[in-house]
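A.B. asks: Please read through the structure below; I'll follow up with questions.
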Amino acid sequence: MPTITIDGVAYEVEAGRNLLESCLSLGLDLPYFCWHPAMGSIGACRQCAVVQYQNAEDNRGRIVMGCMTPVTDGAIFSLSGDKARHFREAIVESLMLNHPHDCPVCAEGGECHLQDMTVMVGHRDRHYRGRKNTHRNQYLGPLINHEMNRCITCYRCTRYYRDYAGGTDLAAMAAHDHIYFGRHQEGVLQSEFAGNLVEVCPTGVFTDKSLVHDYTRKWDLQSAPSVCTACAVGCNTIPGERYGRLKRVHNRFNAEVNGYFLCDRGRFGAGFVNSDRALEFPGLREADGRYRALDHHDALHRMMDSCAAGKVAGIGSPRASVEANYLLRLLAGTDNFAPGFSDAEQDLVNLALRLQQQSAAVTPDIRTIESADAVLVLGEDVTNTAPRIALALRQSVRNKAYEMAAGLRLETWQDAAIRNLAQQQRSPLFIAAVADTPLDDVATRRLSLAPEGIAALGQAVAAGISGAASATPGSTSGEAVDIVAALARASRPLVIAGTGCGSAAVLQAAAEVANALCSSGRQAMLCLCVPEANSLGQAMLAGPKAPNLGALEERARAGEIDTLVVLENDLYRRGNSAGIDALLAECRNVIVLDGLDNATTSAATLVLPAANFAESEGTLVSLEGRAQRYYPLFQPREERRPSWVWLLACMKELERPDVHSLHHFDDITRACAADIPALAGITAAAPDLHYLNLGVKIPRQPSRYSGRTAMRANISVHEPKQREDEETPLAFTMEGLNRSQPGALLPWVWSPGWNSNQSLHKFQTHAGGPLKGGTAGVRLLHPGAAGGHRISDITAPATAAASAAPDLWQLVPRPRIFGSDELSALSPGLAELVVPGFIELSPADAGRLGVATGDGVDVGDGIATLEVRVNATMTTGCAGYSAGFAGSGNLAPLARVTLQRAANWQRRPQLIGSDRGNGSGSSHV
Amino acid sequence: MLKSLTSQLRTIWTILQHSFTKAETVQYPEQMPYLAPRYRGRIVLTNDPDGQERCVACNLCAVACPVDCIALQQGVKEDGRWYPEFFRINFSRCIMCGMCEEACPTNAIQLTPDFEMCEYDRSNMVYEKEHLQIAGTGKYHDYNFYRVSGLAIAGKDKGQAQHEAPPIDVKSLLP
Ligand code: SF4
Ligand code: SF4
Ligand code: SF4
Ligand code: SF4
Ligand code: FES
């Protein structure tokens, strides 16, 4: 470890870092703008200037940029020397020349890095007497607001958007002081990760549009540590609330999962919390089909009466917490508890779980995915199913560049140099999918194959790696040879597949490739994507023998179910509507717990309003098997209660002995961990409610939370005592200590002088490193522990094996980032970007059917009528349908169906002003 | 000894002199005292010189308030202005310290010399925006935030605020 001297004090610092990072890690405040821990240095803003001295005799020194200066043993620096201080102040003054003086109406104000740095350098008076440059703003879509006048030309936005996230439609334009950061013309930002601009830009140029229109300053937001519920990646988030409304979602740093970045589905997809479809009171269906509002006592008694009579079955949900599902499983009994997947998905998720449990390969976390030096993606369009992984893959292809840099002894933070060095050279990334994917631009090759073709390719690669002669001669084997060669050269190869293309054979093939790599002595990684926030946890809870919806339907028809309890699940998304209708109609009592009104709640006899993720606590298991806890950020209104509260209360009323000792949320977690071996680790996901941070709780409100004696003064001037939180270590107050607690309990980041999210480094072991209190979540899958079960011993469930017939098309799911997830698609910003479901056909197939883009086709025998998109990259013989969209429950993945031009189809009018998401074919310009 | 005696005598003399000055105490309420415009009493929200609501709902007054008795919610008007959708001051908590006025970047919130705020029912001390907003500019007649700041609103485009040059044409190569 080199020792450096800063202002006469000697410090030991970590080798290989730059001076700026080292200063921040030491707790010294050095202003900066363009450096970002995830993106390295380019030395553009000149803000991090320090004086470096040649040796002890040198008393003049020279100004160097901290972010561009490696720490070397014996180096002497000064941060506080006049020369450097005046330089830094002058830099801020010059950055502020054109600043529009609009902090009061800026959504960044109060968490603005520019404000912080201005105060830090002590700049106060404007000496410039010239006129300020101004710019016109652009419309950048429904999610992001643009106010170009606030720009300080630090280049973080374009470096993030283009270099890090692979976007192409945001750039630095024009020259000298005309420089402009925007699109070549107005329009929706195309990157699926555009929302991170809000946090990356150190000023108010890019801000969260929904927040701008219902604004609350950061200091007024009540926040809690949370987990994104929009997909299975399990990114950590900080949602903020004021006046009972969710205002925004920010990233919560997790060194092993999302790091600094979220995807737009997660960042902007939580608006459903404020939906006017939210249920507020229990509803009892009357004879005339209308619902009568009940109070919770009444509702609970009715639920209890129904359950007391016996013959209860439960349907859980992969979007509900482990705890709520566990209670429902207790209530209904193990044999009567269906996990709530669609039948096809249940088999796939179970298979994905078993493959990961039994594979010798490591199940990587997202950070580890970034380290892969060769990647094979089989069948999964990760950008649309597990978006954050796609961003990680975009980093993984840069490992080639880092290798080259290491050869020249460049440090990894020397961003510009490394990018110049590598240019377009990337580590291998092979994608086999039914059609194009948004990652194609960084892929070595993307192959369009039908699901069987993908599986066969995987098998061929596995065979190639284990040295056996390729089992499948034919068109794909040439490709397989290339892939084998690339994977064999790699030291950290990664195989990705998932449930997204609906094929068990593909999952199996992916696992075999990973296993073959392991057997040949490489530390291979295997990442299998599952669809929802708790899909994997649900598979762990229910086990492979749990009945599926089809089985419950049969039992219902046989009269074996009187009362059906459905937990946070819209069954019409899970199976064909006729089957679900039958299931619900055959049960005398259908009790549905859910947060928003949907088709299933409308078919219930009793509806209980369930709190959503922002109002309740729960544990979710992400696709890498990480159990993570989310916490309520505000109290649910009216009669909304967390599902676990409803279920526990009901079972207590029934005097069930198995819940006798359960009182708190933590008790359920513990009971579940004790009961279900696969979930034994979940108690370690976060500290229990008795945790105290140096003797006090952790405050949800920042120390400057305002308006407490006026917020509810219109209701009553008698201020009630702050509500005690009896379930978590967090408090609904500003009292307590937000410092150094476990990472799972970080409700907001702030530090004196650092009001923006850049204050995060004060919570990290070193700038950019893991949180001081430890990384949130606990891994339930022990990477590579099982060591070498033969994957082929695990039998994949049979998939619809109807052979290819010329007049039949195979339905393949094509998930979409905006729309395929149920709840996020209801959030106002995203809803604007959701294009109604359609079906993609290859030009040859479209020609055979005589249809063009915009026409309609009838699928099967009246199963659905969908709009056609002709996609030149679509595999002929496959019909890709928008998975997870209204009515797509009727379409069975991989089924072979007839297609026919729809006779009375009305073309949709062309949408204007929304050029994003018009078909996956062009979803990534 | 002599020194302290003189001092005491001088003090007594000064006090005696005061017996002949005019009393400060007035017969309130029959007689109203003069209160300077800077007196810190009942708070109002004012308009800018153009007659538009001055408050931009920036929340600075709320955060400056030591007793946290100001609560508001921002909204955006059709014309692009930020404004408070509601603005509430709980005067039963307010200590008339004037911190909000000092924090306000738009001169919207001002304290006035009216201190007569007595109610039998505390809830009548809770003032909403309609009770706070006055039609005039209050003590500060000229300041108009939107003329200074760069945010474009209807009637004031980019480049039309103080010290602003017309918007740059990004497509032009001219310096
Ligand atoms: S970018 Fe920062 S400094 Fe500029 S107006 Fe916004 S809050 Fe103020
Ligand atoms: S828009 Fe923001 S991130 Fe981009 S250069 Fe300007 S200040 Fe930096
Ligand atoms: S990748 Fe998934 S978990 Fe992460 S922010 Fe996006 S939707 Fe949420
Ligand atoms: S400080 Fe002034 S402009 Fe800001 S919210 Fe208060 S009254 Fe309105
Ligand atoms: S942070 Fe070092 S030059 Fe910008």
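The values are calculated or read from the model by the stated rules, or taken from the named source; none is laboratory data. This is a predicted model, so every value here is computed, not measured. Cβ coordinates were reconstructed from backbone atoms using ideal geometry, including for glycine residues, and neighbour counts include every protein chain displayed. The accessibility values were calculated without ligands, DNA or RNA, using every heavy atom of the protein model including side chains. Shrake-Rupley method; radii C 1.70, N 1.55, O 1.52, S 1.80 Å.
A.B. asks: Inside the stretch A:23-138, counting only strands (runs of 3 or more DSSP E) that do not spill past its ends, which hold 1 or more residues that are free of Cβ contacts under 8 Å to residues at least 12 places away in the same chain and either open to solvent by 40 Å² or more (accessible area, probe 1.4 Å) or away from ligand 2 (no atom under 15 Å from the Cβ) (or both)?
C.D. replies: Working: elements: A:49-53, A:62-65, A:76-78, A:132-134.
Per the criteria, A:62-65.
A.B. asks: Give the number of residues within the stretch A:230-241 that are more than 8 Å from ligand 3 (Cβ to nearest atom) and buried (at least 24 other Cβ atoms within 10 Å of the Cβ).
C.D. replies: If we filter the stretch A:230-241 for residues that are more than 8 Å from ligand 3 (Cβ to nearest atom), which is where we start, we get A:236, A:238-241.
Cutting the leftovers down to buried (at least 24 other Cβ atoms within 10 Å of the Cβ) gives us A:236, A:239-241.
Of the residues in the stretch A:230-241, 4 are more than 8 Å from ligand 3 (Cβ to nearest atom) and buried (at least 24 other Cβ atoms within 10 Å of the Cβ).
A.B. asks: Just the residues that are aliphatic (A, V, I, L, M) and open to solvent by 100 Å² or more (accessible area, probe 1.4 Å), please, taken from the stretch B:13-37.
C.D. replies: Within the stretch B:13-37, B:Ile15, B:Met32 qualify.
A.B. asks: Filter the stretch A:258-285 down to the residues that are within 20 Å of A:Gln764 (Cβ to Cβ) and within 8 Å of ligand 3 (Cβ to nearest atom), then identify the one that is nearest to the other protein chains (Cβ to nearest Cβ). Even if it seems obvious, please write down each step before you answer.
C.D. replies: Residues of the stretch A:258-285 that are within 20 Å of A:Gln764 (Cβ to Cβ), as a first pass: A:258-262.
Cutting the leftovers down to within 8 Å of ligand 3 (Cβ to nearest atom) gives us A:258, A:262.
Values: A:Asn258: 29, A:Leu262: 24 Å.
Filtering first and then ranking leaves A:Leu262.
A.B. asks: Could you tell me which residue of the stretch A:113-163 is nearest to the chain's Cα centre (by Cα), considering only residues that are among the hydrophobic types (A, V, I, L, M, F, W, C) and within 16 Å of ligand 5 (Cβ to nearest atom)? First the steps, then the outcome.
C.D. replies: From the stretch A:113-163, those among the hydrophobic types (A, V, I, L, M, F, W, C) are A:114, A:117, A:119-121, A:140, A:143-144, A:148, A:151-152, A:154, A:157; that's our starting set.
From the residues that got through so far, the ones that are within 16 Å of ligand 5 (Cβ to nearest atom) too are A:114, A:117, A:120-121, A:151-152, A:154, A:157.
Numbers: A:Leu114: 28, A:Met117: 31, A:Met120: 34, A:Val121: 37, A:Cys151: 28, A:Ile152: 30, A:Cys154: 27, A:Cys157: 21 Å.
The selected residue is A:Cys157.
A.B. asks: When you check B:Ile109 against the structure, is it under 21 Å from B:Asp142 (Cβ atoms) and within 13 Å of another protein chain (Cβ to nearest Cβ), yes or no?
C.D. replies: Numbers: under 21 Å from B:Asp142 (Cβ atoms): yes; within 13 Å of another protein chain (Cβ to nearest Cβ): yes.
So B:Ile109 passes the test.
A.B. asks: Quick one: A:Val92 ticks every box in (1) touching a His at 6+ places or on another chain (Cβ under 8 Å); (2) over 25 Å from A:Asn18 (Cα atoms) bar one, so which box is it?
C.D. replies: (2) is the only condition that A:Val92 fails.
A.B. asks: Separate question: When the residues of the stretch A:226-246 are filtered to those that are of a type outside the set (Lys, Arg) and in contact with a helix residue (DSSP H, G or I) (Cβ under 6 Å, 6 or more places away or on another chain), which remaining residue is farthest from the other protein chains (Cβ to nearest Cβ)?
C.D. replies: From the stretch A:226-246, those of a type outside the set (Lys, Arg) are A:226-241, A:243-244, A:246; that's our starting set.
Those left that are additionally in contact with a helix residue (DSSP H, G or I) (Cβ under 6 Å, 6 or more places away or on another chain): A:228, A:230, A:232-233, A:235, A:246.
Numbers: A:Cys228: 26, A:Ala230: 27, A:Ala232: 35, A:Val233: 33, A:Cys235: 28, A:Leu246: 14 Å.
Residue satisfying both the conditions and the ranking: A:Ala232.
A.B. asks: Taking the criterion of being under 17 Å from the mean Cα position of the chain (by Cα), within 12 Å of chain A (Cβ to nearest Cβ), surrounded by 16 or more Cβ atoms within 10 Å (Cβ to Cβ) and not basic (Lys, Arg), would at least one residue in the stretch B:118-128 satisfy it?
C.D. replies: Taking every residue of the stretch B:118-128 in turn, at least one turns out to be under 17 Å from the mean Cα position of the chain (by Cα), within 12 Å of chain A (Cβ to nearest Cβ), surrounded by 16 or more Cβ atoms within 10 Å (Cβ to Cβ) and not basic (Lys, Arg).
A.B. asks: Quick test of your reading of the structure: A:Gly707 fulfils all but one of (1) in contact with a Leu (Cβ under 9 Å, 6 or more places away or on another chain); (2) more than 30 Å from B:Glu128 (Cβ to Cβ). Name the failing condition by number.
C.D. replies: (2)
A.B. asks: Could you list all residues from the stretch A:523-570 that are more than 30 Å from A:Leu378 (Cα to Cα) and outside any loop (DSSP other than H, G, I, E, B)? Before the answer, list the steps.
C.D. replies: Within the stretch A:523-570, the first condition is being more than 30 Å from A:Leu378 (Cα to Cα), and the residues that meet it are A:551-568.
A:Ala551, A:Leu552, A:Glu553, A:Glu554, A:Arg555, A:Ala556, A:Arg557, A:Thr563, A:Leu564, A:Val565, A:Val566, A:Leu567 - these are the residues of the stretch A:523-570 that are more than 30 Å from A:Leu378 (Cα to Cα) and outside any loop (DSSP other than H, G, I, E, B).
A.B. asks: Out of everything in the stretch A:20-69 that is within 13 Å of ligand 5 (Cβ to nearest atom) and β-branched (Val, Ile, Thr), what residue ends up being farthest from the chain's Cα centre (by Cα)?
C.D. replies: A:Ile63
A.B. asks: If you scan the stretch A:213-229, which residues turn out to be open to solvent by 10 Å² or more (accessible area, probe 1.4 Å) and farther than 14 Å from A:Tyr631 by Cα?
C.D. replies: Passing the criteria: A:His213, A:Asp214, A:Lys218, A:Trp219.
A.B. asks: Specify which of the listed residues (A:Phe206, A:Phe268, A:Phe181, A:Phe281) is hydrophobic (A, V, I, L, M, F, W, C), more than 30 Å from A:Arg779 (Cβ to Cβ) and open to solvent by 10 Å² or more (accessible area, probe 1.4 Å).
C.D. replies: One residue alone meets the criteria, A:Phe281.
A.B. asks: Let me ask something additional. What number of residues within the stretch A:243-293 are more than 31 Å from the chain's Cα centre (by Cα) and either in the same structural domain as A:Thr383 (by TED's automatic domain parsing) or among the small types (Gly, Ala, Ser) (or both)?
C.D. replies: Count: 4.
A.B. asks: Identify all residues within the stretch A:840-866 that are closer than 21 Å to A:Tyr572 by Cα and buried (at least 17 other Cβ atoms within 10 Å of the Cβ); write none if there are none. Walk me through it before giving the result.
C.D. replies: Let us first name the residues in the stretch A:840-866 that are closer than 21 Å to A:Tyr572 by Cα, namely A:858-866.
Residues satisfying the conditions are A:Asp858, A:Val859, A:Gly860, A:Ile863, A:Ala864, A:Leu866.
A.B. asks: From the list B:Thr21, B:Thr14, B:Thr25, which residue is away from ligand 3 (no atom under 16 Å from the Cβ), of a type in the set (Ser, Thr, Tyr) and at pLDDT 90 or above? Break it down stepwise before answering.
C.D. replies: Numbers: B:Thr21 fails: at pLDDT 90 or above; B:Thr25 fails: at pLDDT 90 or above.
Of B:Thr21, B:Thr14, B:Thr25, the one residue that is away from ligand 3 (no atom under 16 Å from the Cβ), of a type in the set (Ser, Thr, Tyr) and at pLDDT 90 or above is B:Thr14.
A.B. asks: Run B:Leu60 past the list (1) out of contact with any strand residue (DSSP E or B) (no Cβ under 7 Å at 6 or more places or on another chain); (2) at the interface with chain A (Cβ under 9 Å from one of its Cβ atoms); (3) open to solvent by less than 40 Å² (accessible area, probe 1.4 Å) and report the number of the one that doesn't hold.
C.D. replies: (3)
A.B. asks: Could you please find all residues in the stretch A:676-719 being open to solvent by 50 Å² or more (accessible area, probe 1.4 Å), of a type in the set (A, V, I, L, M) and away from chain B (no Cβ under 11 Å)?
C.D. replies: A:Ala680, A:Ala684, A:Leu692, A:Leu694, A:Val696, listed by residue number.
A.B. asks: Mind listing whichever residues of the stretch A:551-599 are in contact with a Lys or Arg (Cβ under 7 Å, 6 or more places away or on another chain) and among the charged types (D, E, K, R)?
C.D. replies: A:Glu560, A:Asp562, A:Glu568, A:Glu586, A:Asp597 - these are the residues of the stretch A:551-599 that are in contact with a Lys or Arg (Cβ under 7 Å, 6 or more places away or on another chain) and among the charged types (D, E, K, R).
A.B. asks: Being closer than 18 Å to A:Tyr326 by Cβ, in a helix (DSSP H, G or I) and open to solvent by 60 Å² or more (accessible area, probe 1.4 Å) is the filter here; which residues of the stretch A:620-664 pass it?
C.D. replies: Residues satisfying the conditions are A:Lys652, A:Pro657, A:Asp658.
A.B. asks: A follow-up question, please. In the list A:Glu93, A:Glu57, which residue meets the criterion of being in contact with an Asp or Glu (Cβ under 9 Å, 6 or more places away or on another chain) and either within 16 Å of ligand 3 (Cβ to nearest atom) or acidic (Asp, Glu) (or both)? Spell out the reasoning first.
C.D. replies: Numbers: A:Glu57 fails: in contact with an Asp or Glu (Cβ under 9 Å, 6 or more places away or on another chain).
Exactly one residue qualifies, and that residue is A:Glu93.
A.B. asks: Just name the residue that is surrounded by the fewest Cβ atoms within 10 Å (Cβ to Cβ) out of those in the stretch A:303-326 that are farther than 26 Å from A:Pro632 by Cβ and charged (D, E, K, R).
C.D. replies: This residue is A:Asp305.
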